Structures are given as structure tokens and as C-alpha cells.
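Asker: One structure follows; several queries about it will come next.
The values are calculated or read from the model by the stated rules, or taken from the named source; none is laboratory data. Quantities reported herein were computed from a predicted structural model and do not represent experimental measurements. Positions of Cβ are generated from backbone atoms using ideal geometry, with glycine treated the same way; all protein chains shown enter the neighbour counts.
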Amino acid sequence: MNYKIPSSNLLGKPIDKNQSYIIVGAGISGLFLGYYLKKANVSFKIVEQQQQAGGLLQSEQTEYGLVERAANGFIWCKEIQEISDDLKLEILSPKSTSKSRFIVKNKKLRKIPLSFFDGIRLLQGFTKKHGTPFNTLEDFGKYFLGEKNTAQLLTPAFTGIYGASAEQLSFAGAMTQLAEAFNSTNYLRPAFKKMRAHLTPSEKKKRAAGTHCYKNGMGELTQRLTEHLQNDIEWNVDGRTLKNESGNLILTTPAHVSKDLFKEKNKTLFHHLDAIKYNSMISVTLFFSKTAFKNFKPGFGCLIPQKEGFNILGVLFNSYIFDHRVASDDLISLTCILRDDTANLSWLDKDKEWFKSLITKDLDLLFDLSEQPIDLVVSKWRNGIPLYSPSLYDSWFSMDDILKNEIPNRNLFGNYTGEISVRALAQTSYLIYKYLK
Ligand SMILES: Cc1cc2nc3c(=O)[nH]c(=O)nc-3n(C[C@H](O)[C@H](O)[C@H](O)COP(=O)(O)OP(=O)(O)OC[C@H]3O[C@@H](n4cnc5c(N)ncnc54)[C@H](O)[C@@H]3O)c2cc1C
């Protein structure tokens, strides 16, 4: 195969140790990057529009327990472990009650994998030879896993991460490591092996354990990083006012903000950034009394295929994933993830009561509720998750070329430049540091 693989998720010229930089945005991308530039003794400052850091990552303690506004955790990696050790932060491992994962089938929770026959179907994929390159994730799924598993497993799993279905996602964009592995083998099993070859057995074990976090949520990480970088951050600065700045800018702001810095400078780059779509995501955390569920199964959570006809895309069983998520043992905390697919994004204007009614109908079908939630917190993200479409994947290479050749004092980095997860953003930042050492 000949999949194009980005040389780095930091688009533009590599960082030069002898120059100084302004990082725009103190979301987790800007904070990780700042952390590593400081470690490498590169001169920099961060400018942030708000008075607080973290961007999408925000944790809030309520009367009934912790609420994560977006990410609820990360897959363990040695880079986040090292940052956490350095900042004296203890990583919270998942509870043993989080082991089971469910998928909804005929309105009922079924454990993954679904059945013996579905398992056989998945295994058959291991004997097939990869022929023509896959454009979308759906192409990959249908070929290796079959239509049914793609609809019932792959799409819900990736919707939970990318907020989009398999047919909307670029195969090489959403599964870059697998695409890279397919450049040296045509078979699935050796490709998977290759992807994990760099991991030690203990790293594999930690990863397999599932999502990790911190006692007080993801906000603990952004708070410590902010304290660590406190003399390097300037608050209440709109990065767009720096559009004529002649020094080096690394933009870690979302694409729809970053584009404004190129409107007059480079129309092609502006159009690439302008074309990047974001899905509007809504995360609703609900607190229930344990007695409210007549039919509940402990686990990590459940994915809901679209054809099941629910409004929610998936549910995280927070208090079964981590300790310290509820104020008392007689409570249950759940987070429901929704995507606003209405033409005029009308869900973004709805109030708490409206979401309560919409979601409790779905939860009642799943768990047979006998009581209403005690409380709920709604977090709406108009530009929640960038759409990892085939056109976004193509634009990485064009944007990288334009920056390197025409605007060498600008870089783009963030959850739309190659990797979406907190883990991968840390790993990319570490690679930048490694290159600088
Ligand atoms: C509902 C939801 C659930 C998620 N769950 C997970 C999960 O469980 N695990 C996981 O790994 N990932 C998850 N993600 C993805 C992850 O949270 C994001 O990809 C990541 O936090 C993005 O960080 P960022 O720094 O790139 O962007 P942002 O968080 O958007 O940060 C951008 C920063 O730039 C600042 N800014 C904006 N405009 C300007 C300006 N003009 N001037 C200066 N500063 C500006 C913002 O204030 C912000 O601080 C989830 C995302 C959502 C929406």
C-alpha cells in the first residue's frame, strides 16, 4: 500500500531551538507544547483568550459529584505518565467494575463481543489481503469486518471518539498508525502487531486496562500544567490581534479561529482552514440514586448504533469507571454523549429541562428507570470535534507544504492536525521535544 503519512502533526517548519515562539491557545495542545518547549529550553510564551486554561478540558465539582465537560479520561501512555510524575500528579487507574463494555442491540445492552458468530466474522478479516487503498473507515470496515460488524461495532466505537460515522471518516486520517502499518504488510494481523511493536509488555497491559484519569478529573492535569507554566502564559489576549506579528506563531486554536490569521496572508491556507467542519457535541452528566435503575449492568459504558433510534450516541458509566466520581456510594453518575445534527443546531439553544426529558426517555428504554435524575449538567460544544473526513486528511499535506514553503514563521497544531485524543496530543508534543534535544 502507499498511504501518505504526515511527517508530524505539527504542521509547518520544525521548531528551531534558537528561535523564540508565541503559542496561541492554552488548551491541552498549547499546554503540552509549552511544557515540552520549557523542558527543551526554547524561548516561548503562551497567549490565551480566556482567563483560564484547558479549552475543552474542564472538570467541575458539584454537590453530587464530578462533572467532566468534555474528555473524561485518556488511554495510558508513557508520555502522560512522565508529565504526571514530573508535576506530582497521581494517575487514577480504572476500577475493576469498568471491565465490561456494552453495545445496544434491539434496545438491550449486549456485552462486546456480541456473539460467537460475530467473533468468527471478525477473525475472518485476519485472512484477507488488503487490495486497493481505503478512502473511508467504512471501506476498511466493510472489507475486513463485514457490513454488519461495521454498522454494529466499528461505527458506534468511532462515533464515540470522533463524533462521526465510519462513512464520514477518512481511513488513513482516523487510523493513521494502521494505514502506516499497511504500507509494509497487506494483512491485518501483522499490521496490528506492527502498530504495537514499540510497546513493552507492561505498557501493553496499562493500555489494555482502559481509560485513565485523575482523582479530580482532567482539569487537574490542565491546572498543574498551568501552574508549571504560570510565568509563561499571558491571559485575555486574542491571538487574532497578532496576525501581523513578524515573529514565530504556533496556533493551537481551533481551525475556525486560526483561519483568521491567514485571511490576507494566504487565501489557499485560509480556504483549507475554513473548510474544516466541526460536529456540535453535547455532553450531559446525570446523577441518579442507585435505586432509580431496575435494570442496570456495571461496566465502562455502552455504545448505541444509529439504527437503534436513540438520541444519545453512547453512555459512560462514570462511577463504575473511576473512584471519586460521586459524592456518596448510593449515587450513580452517567455521562451521555449527543451530537446536534439539526440543520440550524437548535439543540444548542435548548435548556436543561429539555435535555432532561430527551435523555431520560432514552435511559428509561435502556435501564428501566423508576426515578428521575437528582441533577444533571449540560455542556454544549458548538465546535466540539473536528470531522476527520477524507478532505481534512488531504488538506494536512497541502497546509504543511504551504506553511513550510510560504509562511515558515507559522505553525498549526491541535486536535484537527492529525490526532484528536489527549494521549496523542501529548505524544506529538513529546516527539517535537525529542527532535529538539
Ligand atoms: C464531548 C467531548 C468528549 C471528549 N472526550 C474525550 C476523551 O474522553 N478522551 C480524549 O482523549 N479526548 C476527548 N475529547 C477530545 C479532546 O477533549 C480534545 O481533542 C482536546 O481537548 C482539544 O484540545 P486543544 O487544545 O487542541 O483545543 P481546545 O481545547 O479547543 O483549546 C483551544 C484553546 O485556544 C483558546 N483560544 C480560542 N480562540 C482564541 C484566540 N482567538 N486567542 C487566544 N486563544 C484562543 C481557547 O480558549 C482554548 O483554551 C472529547 C471532546 C469532546 C468535545
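Asker: Would you confirm whether or not region 407-421 contains a residue that is within 16 Å of the ligand (Cβ to nearest atom), in the same structural domain as GLY34 (by TED's automatic domain parsing), part of a helix (DSSP H, G or I) and in contact with a Pro (Cβ under 6 Å, 6 or more places away or on another chain)?
Answerer: no
Asker: Let me ask something additional. Looking only at region 366-383, count how many residues are surrounded by 15 or more Cβ atoms within 10 Å (Cβ to Cβ) and within 13 Å of the ligand (Cβ to nearest atom).
Answerer: Residues flagged as surrounded by 15 or more Cβ atoms within 10 Å (Cβ to Cβ) and within 13 Å of the ligand (Cβ to nearest atom) within region 366-383 amount to 6.
Asker: Can you spot a residue in region 193-202 that is in contact (Cβ under 8 Å) with a residue 60 or more places away in the chain and in contact with a helix residue (DSSP H, G or I) (Cβ under 7 Å, 6 or more places away or on another chain)?
Answerer: No: region 193-202 contains no residue that is in contact (Cβ under 8 Å) with a residue 60 or more places away in the chain and in contact with a helix residue (DSSP H, G or I) (Cβ under 7 Å, 6 or more places away or on another chain).
Asker: From the residues in region 18-42 that are away from the ligand (no atom under 16 Å from the Cβ) and farther than 14 Å from LYS437 by Cα, which one is farthest from the chain's Cα centre (by Cα)?
Answerer: GLN19
Asker: Still on this structure: Tell me, which residue of region 43-71 that is acidic (Asp, Glu) and within 16 Å of GLN223 (Cα to Cα) is farthest from the ligand (Cβ to nearest atom)?
Answerer: Result: GLU60.
Asker: Does at least one position in region 62-69 carry a residue that is surrounded by fewer than 19 Cβ atoms within 10 Å (Cβ to Cβ), assigned by TED's automatic domain parsing to the domain that holds THR241, of a type in the set (S, T, N, Q) and within 30 Å of LEU338 (Cβ to Cβ)?
Answerer: No - not one qualifying residue is present in region 62-69.
Asker: Same structure, new question: Hey, among GLU138, GLU167, which residue is modelled with pLDDT of 90 or more, surrounded by fewer than 19 Cβ atoms within 10 Å (Cβ to Cβ) and either farther than 28 Å from ASN318 by Cβ or assigned by TED's automatic domain parsing to the domain that holds LEU33 (or both)?
Answerer: After applying the criteria, what remains is GLU167.
Asker: Can you list residue pairs whose Cβ atoms sit under 7 Å apart, with the first residue in region 371-385 being aromatic (Phe, Trp, Tyr) and the second being assigned to a strand (DSSP E or B) and near the ligand (Cβ under 7 Å from one of its atoms)? Count only pairs 6 or more apart in sequence or on different chains.
Answerer: TRP381/MET281
Asker: So, one more: Starting from region 22-45, take each residue that is assigned to a loop (DSSP other than H, G, I, E, B) and list its partners that are charged (D, E, K, R) and buried (at least 18 other Cβ atoms within 10 Å of the Cβ), counting only C-beta distances under 7 angstrom and pairs at least six apart or across chains.
Answerer: GLY25/GLU48; ALA26/GLU48
Asker: Identify, please: which residue in region 182-216 is within 16 Å of the ligand (Cβ to nearest atom) and outside any loop (DSSP other than H, G, I, E, B) and is, among those, surrounded by the fewest Cβ atoms within 10 Å (Cβ to Cβ)?
Answerer: ARG207
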